[in-house]
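The values are calculated or read from the model by the stated rules, or taken from the named source; none is laboratory data. These figures come from a predicted structure and were not determined experimentally. Note: ideal-geometry Cβ built from the backbone for every residue, glycine included; neighbour counts use all protein chains shown.
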Amino acid sequence: MNGNIFEQEVTFNYSDFDVHDKILPSTLLRVCQDIASKHSETLNIGYLDLLAHGALWIISKISFNILGKIEYGKKYILRTWAHKRRLIYFPREYEMIDENGNKIMVGISLWHIFSKEERRIINPTFIDLSKLNDVSESFSNFAQTNIDFGKELETFVGEKRLTHEVTYSELDHNYHMNNTRYADLALNSLPDVMDERKTLCECKILFINECAIGDNIYTSYMKDNEYQVVRGYKDDGNVFVACFKYKEDNDER
């Protein structure tokens, strides 16, 4: 295996699946974020390393495609690697391989370094990123490292779905709602979420603004061609946009 690619073995518990034994999007976000954190720690730019400089990692976009069935109790190899940094953008990819060597999931995300005091994305000239630069990898499962979202997805009105108040247990170490919880909220906003005949094959999320404890998040829903789209927003602006693409269980696409 290429030395620039970090990998670990993963298995999934029953709580990682929905009532139909299908992997939850938030589960995939969690394992991808966890392995990204572990890889960063080996490069001396992990959570504690950045915190010493008053900075944090945040994610602005993530997209993944599910290529095969992910099952309880089976062993998978989860891999991640970093692409070359683009100013304030730090692209990172993921892939999951089953015991037969088949790709079961591929994903890509955009990360940034965030000033804890200023609450904004920064160009971290004061942080040593040399080890990250040394392991930058050109191989990709995607045509581009950007993740496209049409601007109209941030403004549609759609069908009002849920109102959710952010609670203590949903906070991460940045004191805002953990990104994986946005995936749960978006999933719960789908009108046909209980339809067991459909299987998720693609999910992408745009994280726009942070939410703190006590904030109310409202969701709206619309259908956009093959995607089911959920927009999360507060009284003072957007929070996230999530796009889900499903296939019928007998559809081989």
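One table, with the values for the structure above:
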{"quantity": "Residue within segment 229-238 that is aliphatic (A, V, I, L, M), closer than 21 Å to residue 120 by Cα and not in a helix (DSSP H, G or I) present", "calculated": "no"}
{"quantity": "Selection count, segment 73-107, where residues are exposed (fewer than 13 other Cβ atoms within 10 Å of the Cβ) and at pLDDT 95 or above", "calculated": "5"}
{"quantity": "Test for residue 179: is it under 21 Å from residue 29 (Cα atoms) and among the polar types (S, T, N, Q)", "calculated": "yes"}
{"quantity": "Looking only at segment 131-149, and only at residues there that are at pLDDT below 90 and small (Gly, Ala, Ser), the one that is nearest to residue 61 (Cα to Cα)", "calculated": "143"}
{"quantity": "Hits in segment 95-113 (condition: closer than 20 Å to residue 47 by Cβ, in contact with a Phe, Trp or Tyr (Cβ under 7 Å, 6 or more places away or on another chain) and not aliphatic (A, V, I, L, M))", "calculated": "111, 112"}
{"quantity": "All strands (runs of 3 or more DSSP E) inside segment 1-97 with 2 or more residues being among the hydroxyl-bearing types (Ser, Thr, Tyr) and under 18 Å from the mean Cα position of the chain (by Cα)", "calculated": "55-66"}
